[in-house]
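Input: a single structure, listed below in structure tokens.
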Amino acid sequence: MNLPVYLYGQPVLRKIAEDITVDYPELPNLIKDMFETMYSSEGVGLAAPQIGLPIRLLVIDGSPMGDDFADCKDFKRVMINPRITVTEGDDATIEEGCLSLPGIHEKVTRPTVITVQYMDEEFNPKEEIFKGFAARIVQHEYDHLEGKLFIDHISPIRKQLIKAKLNNILKGKVNCGYRTKMQPR
Ligand code: NI
């Protein structure tokens, strides 16, 4: 089932998400719906706050980026209760977008190597190192669990330049090919 994507202005996008336990209700269905929602909106990652749930759950499939970024080949994960434990490597600056901010693309600087501890969908504990664009996707989605958005990383000048676009999102004036849910009035 396709779920509506919560847009910039929704308070849930600014909350620090909570860990979940293995008995979280309907978890397999939720994960399935999140993948479906992500694929039909042509995203490469989706965090639970983006569908209105303040929980630490991410789905990622970077394989559409595999031609441009080798790190993304076969990069498909479910991450429950993730924690980024180490960031290292040089920083890189690359343009990002977000399903919660349709029509906005801005360059964001992030570290290129990260270590992440998380549980997979069967609650097996994992620790992995991600590099390059894969590391970027994880950091972008992880930010959502910390109540952050990629526009928080851009300069005040850039933010001023996209202000009209942000205001349009707040007013629900968006043109995208997926279901959305604007801020409550
Ligand atoms: Ni996003």
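How much of the DSSP beta bridge set in the chain is antiparallel, as a percent to the nearest 5? The answer is about 90 percent antiparallel. Volume per residue for the stretch 57-141 equals 93 cubic angstrom (convex hull of Cα atoms).
Per residue, the chain reaches -7000 deg cm²/dmol at 222 nm when only DSSP H runs of four or more residues are counted, each adding -39500 (n - 2.57). Only lysine pairs 8 or more places apart or on separate chains count here, and in the chain those with Cα atoms under 15 Å apart total 12. Length available on full extension from GLU18 to ARG83: 0.36 nm per residue minus the Cα-Cα distance, which gives 22.2 nm. Projecting label points 7 angstrom from Cα along Cα→Cβ for ASP152 and LYS107 puts them 2.3 nm apart. Using the Cβ-Cβ distance between TYR39 and ASN124 with R0 set to 25 Å, the FRET efficiency works out to roughly 0.55.
Here the calculated FRET efficiency for ARG185 and ASN2, from their Cβ-Cβ distance with R0 = 22 Å, stands at 0.40, rounded to the nearest 0.05. Over all Cα atoms in the stretch 1-85, the spread is summed up by Rg and Dmax: 13.2, 39 Å.
The dipole here belongs to the chain: it is taken about the Cα centre, uses +1 on the Cβ of Lys and Arg and -1 on the Cβ of Asp and Glu, and is about 1160 debye. Note: the chain, Cα convex hull, 116 Å³ per residue. Using the Karplus relation 6.51 cos²θ - 1.76 cosθ + 1.60 with θ = phi - 60°, the per-residue 3J(HN,Hα) values for the stretch 52-65 come to x, 10, x, 10, 8, 9, 10, 10, 9, 9, x, 4, x, 8 Hz, with x marking Gly and Pro.
Read-outs throughout are calculated quantities, based only on the coordinates presented, and are distinct from any laboratory measurement. All figures in this text were calculated on a predicted structure; none of them were measured in a lab. With ideal geometry, Cβ positions are generated from the backbone for all residues, glycine too; neighbour counts draw on all protein chains shown.
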